[in-house]
């Protein structure tokens, strides 16, 4: 059964902090929040998703940092849909420093299935440069507390933050796995207008990644998650999140197929590792998981062309192998 999140965006509510990259109003397209709109938002999605497994998702702000009475009213509203069997659960996103025992005690009274934490980086230096307002230890405490109380946790990380290196990002992905997160999201940093990061870009203090660098570094993080069996449920912002509006987007890796390119790059790394000692092979057949042929070949065949150029492969054929999973491949030479 297809899973659908019913997103209820609460931009900036509960978050007095001003991260240099953040403009949630820009990303969500929501300038303000009206509690009276919530039921209508949920009902409209329910009408168009009959037959799907659905969850109500409070995204866009720091849900556990909003006014307690408002948070409880929203949870009560969502729980009503759960009790009527119209949705299967509730999920939410928040900051690590807005998780404590009192908050967890409230969430446990409801059918909250998953909490997404905006970890962004496990480097305290990068967190400080980004004016994130919390530390890596805050993240460790939050994840431990949520896992201890039976919640599924998704760790969100960012690629290309101010001062961040590939090493910082691989370390962040590794720590997300080590802390026991059940899933992850990878967000290459996009610069939006009316943010401090855009001012830093204009002054030369910050240089955003181009698409190629974002793909390479994201693929390295994705490989960490793949090695540890942690599902990466999203790479890059949704194409609908004002990435192509002149009024909102300023700079950075805003490619409509960014996630696909990152997954394709990881497949290339897997194949290259096998063929590197067989330079000049006449032809290869790459067996891959079901449904992965296009990712293995790459956008417009870029992986095939790269294999031909870098390793002298004469031709590349790709076929599905139902026994293979994830990013595993089998390379046959001929």
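The values are calculated or read from the model by the stated rules, or taken from the named source; none is laboratory data. Keep in mind the model is a prediction, meaning the values are calculated, not measured. Methodologically, a virtual Cβ is constructed for each residue, glycine included, from the backbone with ideal geometry; neighbour enumeration extends over all protein chains shown.
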> Given (1) modelled with pLDDT of 95 or more; (2) under 26 Å from residue 248 (Cα atoms), where does residue 47 come up short, assuming only one miss?
Replying inline: (2)
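Looking for whichever is closer than 26 Å to residue 65 by Cα, within 20 Å of the chain's Cα centre (by Cα) and either touching a residue at least 40 places away in the same chain (Cβ under 8 Å) or outside any helix (DSSP H, G or I) (or both) here; the options are 174, 139. Which one fits? Write out each step before concluding.
Details: 174 fails: closer than 26 Å to residue 65 by Cα.
One residue alone meets the criteria, 139.
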>> Going by what's in this entry, would residue 212 be described as assigned by TED's automatic domain parsing to the domain that holds residue 22 and at positive phi?
In response: no
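Got at least one residue in the range 71-92 being closer than 30 Å to residue 198 by Cα, touching a helix residue (DSSP H, G or I) at 6+ places or on another chain (Cβ under 9 Å) and at pLDDT 95 or above?
Initial filter on the range 71-92 (closer than 30 Å to residue 198 by Cα): 92.
Imposing the further condition that a residue be touching a helix residue (DSSP H, G or I) at 6+ places or on another chain (Cβ under 9 Å) reduces the set to 92.
Narrowing the set further to residues that are at pLDDT 95 or above leaves 92.
Scanning the range 71-92, I find at least one residue that is closer than 30 Å to residue 198 by Cα, touching a helix residue (DSSP H, G or I) at 6+ places or on another chain (Cβ under 9 Å) and at pLDDT 95 or above, so the answer is yes.
Against the condition farther than 24 Å from residue 248 by Cα, surrounded by fewer than 15 Cβ atoms within 10 Å (Cβ to Cβ) and modelled with pLDDT of 95 or more, how does residue 67 come out, does it pass?
Numbers: farther than 24 Å from residue 248 by Cα: yes; surrounded by fewer than 15 Cβ atoms within 10 Å (Cβ to Cβ): yes; modelled with pLDDT of 95 or more: no.
So residue 67 does not fit the description; no.
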> Can you tell me which residues in the range 298-328 are within 29 Å of the chain's Cα centre (by Cα), assigned to a helix (DSSP H, G or I) and touching a residue at least 24 places away in the same chain (Cβ under 8 Å)?
Replying inline: 299, 302, 303, 306, 307
> Can you pull out the residues in the range 264-289 that are within 23 Å of residue 218 (Cα to Cα) and in a loop (DSSP other than H, G, I, E, B)?
Replying inline: 276, 289
> Which ones in the range 31-45 are assigned to a helix (DSSP H, G or I) and crowded, with 17+ Cβ neighbours inside 10 Å?
Replying inline: 38, 42, 45
> Listed residues 119, 106, 90; which is surrounded by fewer than 20 Cβ atoms within 10 Å (Cβ to Cβ) and either in a strand (DSSP E or B) or assigned by TED's automatic domain parsing to the domain that holds residue 9 (or both)?
Replying inline: 106
> So which residues in the range 227-239 are assigned to a loop (DSSP other than H, G, I, E, B) and at pLDDT 95 or above?
Replying inline: 229, 230
> Taking the range 193-226 as the search range and keeping residues that are under 20 Å from the mean Cα position of the chain (by Cα) and outside any helix (DSSP H, G or I), which one is nearest to residue 256 (Cα to Cα)?
Replying inline: 210
